[in-house]
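Student: Provided herewith is a single structure, encoded as structure tokens, for subsequent inquiry.
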């Protein structure tokens, strides 16, 4: 049914129908099931764009025009923790602060914040700072900068799979 659609349309449909990670802010990000979900997500993205299974993950993320799923979950988690820590309800505020600052590794929120801190190489206080733009952090502290990602894409796609993938990239951008 969707086989004859172009990559951009299939990607929009895929995101609309398959990208609802409701409640992911409460997941334990160190659980292996989260990593399995992210791997399955990348495989699905490759399939949607008809890319070979050996296609580099960074290229898949570029075509997706988004951050990796795990980074998106981290961003949602950080935004949730920020909102809990500034909540007018004193109980919610206390529980969030206690989980992050005092019972750190004993609470899911504390472990997740620490994991995000390690992943983005930022202190916990910097991550939960309200003036901090989470989208910029997630993009800026990704594994590769945009220029490097573009070079990777050109090198892998044009030399191994032909320039039709480069045309596909330009359509998706």
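Student: List the relative contact order of region 7-143 as a percent without decimals, with contacts defined as Cα pairs under 8 Å and 6+ residues apart.
Tutor: With pairs under 8 Å counted, the relative contact order is 24 percent.
Student: Can you put 70, 94 in order of Cβ neighbours within 10 angstrom, beginning with the fewest?
Tutor: Sorted ascending by nearby Cβ count, the order is 94, 70.
Student: Could you please tell me the mean projected area of the C-alpha convex hull for region 7-143, averaged over all directions and given in square nanometres to one decimal? Walk me through the intermediate numbers first.
Tutor: On the way: hull surface 35.2 nm².
So the mean shadow area of the Cα hull is 8.8 nm².
Student: Taking all pairs of distinct Cα atoms, average 1/r, flip it, and tell me the Kirkwood hydrodynamic radius of region 1-50 in Å to one decimal place.
Tutor: Evaluated on region 1-50, it is 12.2 Å.
Student: How compact is region 36-98 by the rule of thumb for globular proteins, expressed as Cα Rg over 2.2 N^0.38 Å? Walk me through the numbers on the way to the answer.
Tutor: Details: Rg = 17.1 Å, N = 63, 2.2 N^0.38 = 10.6 Å.
Normalised Cα radius of gyration, region 36-98: 1.61.
Computed from the coordinates by the stated procedures, all read-outs in this text should not be read as laboratory data. The model shown is predicted, which means the values in this text are computed figures rather than measured ones. In this analysis, Cβ positions are derived from the backbone assuming ideal geometry, glycine residues included, and neighbour counts consider all displayed protein chains.
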